[in-house]
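Chemist: Got a structure here, written out as structure tokens. Questions coming.
The values are calculated or read from the model by the stated rules, or taken from the named source; none is laboratory data. Computed from a predicted model, the values in this text were never measured in an experiment. Positions of Cβ are generated from backbone atoms using ideal geometry, with glycine treated the same way; all protein chains shown enter the neighbour counts. Accessible surface areas use protein heavy atoms only, side chains included; no ligands, DNA or RNA. Shrake-Rupley method; radii C 1.70, N 1.55, O 1.52, S 1.80 Å.
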Amino acid sequence: SGGDKKSATPAEDTATKMQPATTAQAAPSNPMGPTDVMLIIHKVSNYAKWKPAYEAHDSARLANGLHSYVIARGTEDSNMVLVAMRMDDLAKARAMAASPDLKEKMKKAGVVGAPTIDYLKAVMNDTSHIEQTVRVMVRHKVKDWDAWKKAFDSHKQARMDAGLIDRVISYTADDNHNVTLVFAVSDMAKAKAFMNSQDLKDKMKEAGVEGPPSSFFYKIVQVY
């Protein structure tokens, strides 16, 4: 899906997300509200080494308007790490992503290869608490956002029947033809069968999805 995301393909075929932190979290005042997010997916050589290095860089992120939000690990390869940060300022986030400082910090933390970085505008971000910690992120291109969204909304019952719970509906900050979706997964077998189903292929075609979608299953390991 565009620009600095080309290196994403290996990440997208692996799987897991994030578990809630053990500390109690204050419920957000608007759990369904929109959110701007900087999303990074990369491979690490050693998660236990990477995590403290990530947290040690918090002040630099805050200085650029980025707030730690979620960390997740692929279900098929736990060294594939997804990092989501709430983003105050797109230009500052992009500048930080391009900085030699970040590249150096990633290298020291054991990041392997080029990260996939995206900047998302969520039109729906459901942060209400649910038991499921496994997620699947689906990304694809669409001809027209409004036409796609109408078709997507009409297919909600089929997703629910497949054990998928809508959590995030978003698009790339400056291009609403690049769609990123996140679903909580309550039944992995059903979810995978649905994602390979003719019904979904037909619905995507009707909705104007262009090219094959990518998917990434992950498990939440921390929510800040």
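Chemist: Residues that are in contact with a helix residue (DSSP H, G or I) (Cβ under 6 Å, 6 or more places away or on another chain) and small (Gly, Ala, Ser): list the strands (runs of 3 or more DSSP E) wholly contained in region 74-187 that include at least 1 such residues.
Modeler: Passing ranges, in order: 111-125.
Chemist: Also: I'm told MET87 meets every condition in (1) under 21 Å from LYS43 (Cβ atoms); (2) buried (at least 22 other Cβ atoms within 10 Å of the Cβ) except one. Can you identify the failing condition by its number?
Modeler: (1)
Chemist: Using the structure shown, decide if TYR54 is in contact with a Lys or Arg (Cβ under 8 Å, 6 or more places away or on another chain), not in a loop (DSSP other than H, G, I, E, B) and not hydrophobic (A, V, I, L, M, F, W, C).
Modeler: Answer is no for this residue.
Chemist: Checking the structure you have, find out if any residue of region 112-119 is open to solvent by 10 Å² or more (accessible area, probe 1.4 Å) and at positive phi.
Modeler: Yes.
Every residue, every condition in (1) in contact with a Ser or Thr (Cβ under 7 Å, 6 or more places away or on another chain); (2) more than 17 Å from GLU104 (Cα to Cα); (3) at pLDDT below 95, yes or no:
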{"residue": "ILE41", "(1), (2), (3)": "yes, no, no"}
{"residue": "GLY65", "(1), (2), (3)": "no, yes, no"}
{"residue": "ARG73", "(1), (2), (3)": "yes, yes, no"}
{"residue": "ASP77", "(1), (2), (3)": "yes, yes, no"}
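Chemist: Okay, next question. Does at least one position in region 190-200 carry a residue that is open to solvent by less than 70 Å² (accessible area, probe 1.4 Å), in a strand (DSSP E or B) and aromatic (Phe, Trp, Tyr)?
Modeler: No, the conditions are met nowhere in region 190-200.
Chemist: Report yes if some residue within region 150-159 is modelled with pLDDT of 95 or more and under 30 Å from ASN79 (Cα atoms); otherwise report no.
Modeler: yes
Chemist: I've got another one for you. Given the conditions (1) closer than 29 Å to GLU55 by Cβ; (2) buried (at least 20 other Cβ atoms within 10 Å of the Cβ), which single one is not true for ALA95?
Modeler: (2)
Chemist: Tell me which of these THR127 doesn't satisfy, since it passes every other one: (1) open to solvent by less than 50 Å² (accessible area, probe 1.4 Å); (2) modelled with pLDDT of 95 or more.
Modeler: With (1) open to solvent by less than 50 Å² (accessible area, probe 1.4 Å); (2) modelled with pLDDT of 95 or more applied to THR127, the lone miss is (2).
Chemist: Among the residues of region 155-162, is any crowded, with 18+ Cβ neighbours inside 10 Å, in contact with a strand residue (DSSP E or B) (Cβ under 8 Å, 6 or more places away or on another chain) and among the small types (Gly, Ala, Ser)?
Modeler: No, region 155-162 contains no residue that is crowded, with 18+ Cβ neighbours inside 10 Å, in contact with a strand residue (DSSP E or B) (Cβ under 8 Å, 6 or more places away or on another chain) and among the small types (Gly, Ala, Ser).
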